[in-house]
Amino acid sequence: MSASVDDTLICRLVGELWAVFAPWRGPWGGGGAAAAYLARRSFRSGAGLRWRHQGRDRDERDENVEALGRLERRGLLTRRVEKTKVIATRLLDTGIERACSLAGAPCWSDGRDVCQRLAAFGDARATMMHLGTRWTAEWALAGTPPFWAACGSDEAGRANRHRLSVLEEAAIPALVRGWLQSGADLHGRVWYSLTAAGRAALTEAPAEEPPAIDADADCALAWREGAHAMQVRLAAAPRSEREIGLLPLPAHGGPMVGDEFGPGRDVPTAGGRNYAATPHLATGANVGGNMAATGAAESRPGRKPTSTRRTDS
């Protein structure tokens, strides 16, 4: 039985949101970083994400607009309408929870787990202070060597990149809720920092889990299509002269590259590729985990719908 129009649409919209909050790893030369920054700011302000008239033809686009109204009446999102035209959508927690369950993707409980791991992490070699904020390296949280983040094509390299991808997928819900913030250096290596909201969330008892929903293949595909479409839009965004966007963390030595290479030395590359050439994105990576996906079918914004998932509100 295929998923309803309402369910596939909410999954596509949440896939777009997840792509917006995925850690930005470059390229730093275009307008993508500023576009991601503006989209995140719009979501945080309550304005929501800009609505795109999604659909292959007019009938499908009209059907999706009608589905938006039904989703709003169900309390899964809100719309901003100007002169009968939908301008933006604001996803609510209830809608995000439902979409994550339908697509088999990580949600609040997974993000909270990442926050707990970050709060308990105590290895000073993989942390640094930058502008008064404590940052922890992704490779330390994932348990991978730092030089495997975006190079190496053997079995060990693929396994380590998979661990980094799983960590990023689990961290995105916390990034959406403002429990975490992410930063990357110019080589695309990501660091995470726990926010005041994240520390407060850890002092509270986890919310009761909503009823479980079986994951649906159509919803998972809609999620991937939404994430991929958003990544394409962000990458194609023109540079804004008014916004500087996200700023990378300083690319110094030490814990950034690990003791094996020493301060100020680059990490080895494989096949002539380096971090800047092969950014790792959990929401837009192929199965190998080190290349941007060429299509929605190759991207992996969430886990494959192989089992029932539970989420926290």
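Can you say whether Arg79 is of a type in the set (Lys, Arg) and touching a helix residue (DSSP H, G or I) at 6+ places or on another chain (Cβ under 8 Å), as far as the supplied structure shows?
Working: of a type in the set (Lys, Arg): yes; touching a helix residue (DSSP H, G or I) at 6+ places or on another chain (Cβ under 8 Å): yes.
For Arg79, the condition - of a type in the set (Lys, Arg) and touching a helix residue (DSSP H, G or I) at 6+ places or on another chain (Cβ under 8 Å) - is met.
Going by what's in this entry, would Gly157 be described as more than 18 Å from Ser109 (Cβ to Cβ), in contact (Cβ under 8 Å) with a residue 60 or more places away in the chain and in a helix (DSSP H, G or I)?
On the way: more than 18 Å from Ser109 (Cβ to Cβ): yes; in contact (Cβ under 8 Å) with a residue 60 or more places away in the chain: yes; in a helix (DSSP H, G or I): yes.
Yes.
Only one of these conditions is not met by Val114: (1) in a helix (DSSP H, G or I); (2) touching a Pro at 6+ places or on another chain (Cβ under 8 Å); (3) under 30 Å from Ala222 (Cα atoms). Which number is it?
The single condition Val114 does not satisfy is (2).
Taking the condition closer than 30 Å to Ser4 by Cα, at pLDDT 95 or above and among the small types (Gly, Ala, Ser), does Ala174 pass?
Working: closer than 30 Å to Ser4 by Cα: yes; at pLDDT 95 or above: yes; among the small types (Gly, Ala, Ser): yes.
Here the answer is yes, as Ala174 does meet what is asked.
For the condition of a type outside the set (A, V, I, L, M, F, W, C), more than 30 Å from Pro210 (Cα to Cα), crowded, with 16+ Cβ neighbours inside 10 Å and under 24 Å from the mean Cα position of the chain (by Cα), what is the one hit in Arg12, Arg40, Arg25, Arg52?
Numbers: Arg12 fails: more than 30 Å from Pro210 (Cα to Cα); Arg40 fails: more than 30 Å from Pro210 (Cα to Cα); Arg52 fails: more than 30 Å from Pro210 (Cα to Cα).
One residue alone meets the criteria, Arg25.
Out of everything in the stretch 194-238 that is surrounded by 14 or more Cβ atoms within 10 Å (Cβ to Cβ) and either at positive phi or among the basic types (Lys, Arg) (or both), what residue ends up being modelled with the lowest pLDDT?
The qualifying residue modelled with the lowest pLDDT is Arg233.
Only one of Glu82, Glu138, Glu72 is in contact with a Ser or Thr (Cβ under 8 Å, 6 or more places away or on another chain) and either surrounded by fewer than 15 Cβ atoms within 10 Å (Cβ to Cβ) or not aromatic (Phe, Trp, Tyr) (or both). Can you tell me which? Even if it seems obvious, please write down each step before you answer.
Working: Glu82 fails: in contact with a Ser or Thr (Cβ under 8 Å, 6 or more places away or on another chain); Glu138 fails: in contact with a Ser or Thr (Cβ under 8 Å, 6 or more places away or on another chain).
Checking each option against the conditions leaves just Glu72.
Going by what's in this entry, would Gly95 be described as closer than 20 Å to Cys219 by Cα and either touching a Ser or Thr at 6+ places or on another chain (Cβ under 6 Å) or among the small types (Gly, Ala, Ser) (or both)?
Working: closer than 20 Å to Cys219 by Cα: yes; either touching a Ser or Thr at 6+ places or on another chain (Cβ under 6 Å) or among the small types (Gly, Ala, Ser) (or both): yes.
When the stated conditions are applied, Gly95 passes them.
Within the stretch 93-116, track down each residue that is under 17 Å from Leu9 (Cβ atoms) and surrounded by fewer than 17 Cβ atoms within 10 Å (Cβ to Cβ).
Thr94
Based on what the data block shows, is Thr133 among the hydroxyl-bearing types (Ser, Thr, Tyr), surrounded by fewer than 23 Cβ atoms within 10 Å (Cβ to Cβ), modelled with pLDDT of 90 or more and touching a strand residue (DSSP E or B) at 6+ places or on another chain (Cβ under 9 Å)? Give the derivation first.
On the way: among the hydroxyl-bearing types (Ser, Thr, Tyr): yes; surrounded by fewer than 23 Cβ atoms within 10 Å (Cβ to Cβ): yes; modelled with pLDDT of 90 or more: no; touching a strand residue (DSSP E or B) at 6+ places or on another chain (Cβ under 9 Å): yes.
Taking the combined requirement at face value, the residue does not satisfy it.
Which numbered condition trips up Leu91, out of (1) within 24 Å of Cys107 (Cα to Cα); (2) more than 16 Å from the chain's Cα centre (by Cα)?
(2)
Considering only residues that are touching a Gly at 6+ places or on another chain (Cβ under 7 Å) and of a type in the set (A, V, I, L, M, F, W, C), which ones fall in the stretch 101-118?
If the condition is that a residue be touching a Gly at 6+ places or on another chain (Cβ under 7 Å) and of a type in the set (A, V, I, L, M, F, W, C), then Ala103, Ala105, Cys115 are the ones that fit.
The values are calculated or read from the model by the stated rules, or taken from the named source; none is laboratory data. Keep in mind that this is a model prediction, so the values were computed, not measured. As a convention, Cβ positions derive from the backbone with ideal geometry for all residues, glycine included, and neighbour counts pool all protein chains shown.
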